[in-house]
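I have placed the structure first, in the form of structure tokens, so that the comments after it can refer back to it.
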Amino acid sequence: MKDRFFIKRSAVATALAAMILICPARAAFAQNPPMFGRTPTASPTQTSTANASTNKKSQETAKGGSPSMGDRSFMREAAKGGMMEVDMGRQAEQNASNPEVKKFGARMVTDHSKANSELKSIALKKGVDLPGVKEPGRWKSDRDYMDAMVKDHEKDLADFEKEAKNGSDPDVKQFAEKTSAVVRKHLKLAKEIQGKLK
């Protein structure tokens, strides 16, 4: 009888000891659950960095950071036209027989090189790829060159004024507005020279 009571007491004591050991372990486990099967939460540093990145993107969009398809198309066409004006201007500067045509060619090189640089800078900032240099057109006479310049500048002026009025990106619109004033002067001068040539 004593033995049976001793065994029962011993079993109870063992069970109590096991419970005492298990309870703190369960509490610790509850405070620090294992990583498997649980979604990790972002640290305060990661959260603030993500928020800053989102805010920056929002600000860029608000400032017109990403040009519309229309703006991009305008930029590419303006780049092509600008490079053509520079290349043809160089040819006129070197090969024209009329001094006014030579002078006009030199002005095309100066003014359009400046505009091309501004456009490249905007395109780089906006992530827009501009086309490369194309082989310029050839002409047979000073009159042919000036006819081409009048025609090109009429088209360019219409395109630049349209972008200045209807474009969505503020930087591209400002470029178009500023450059359209230069193109307008070029067109007026080209028509004057054209009228003097036979």
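Coordinate-derived values only; no laboratory data. Since we're looking at a predicted model, the values are computed, not measured. We place every Cβ from the backbone using ideal geometry, glycine too, and count neighbours over all the protein chains shown.
Data for the structure
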item: Highest-first arrangement of 149-156, 118-125, where packing means the average Cβ count within 10 Å; result: 149-156, 118-125
item: 3J(HN,Hα) from dihedral phi, region 117-132, Karplus parametrisation 6.51/-1.76/1.60, rounded to Hz, x for glycine, proline; result: 5, 4, 5, 4, 4, 5, 4, 5, 5, 8, x, 9, 7, 9, x, x
item: Debye log10 I(q)/I(0) for region 67-196, one point scatterer per Cα, at q = 0.22 Å⁻¹; result: -1.25
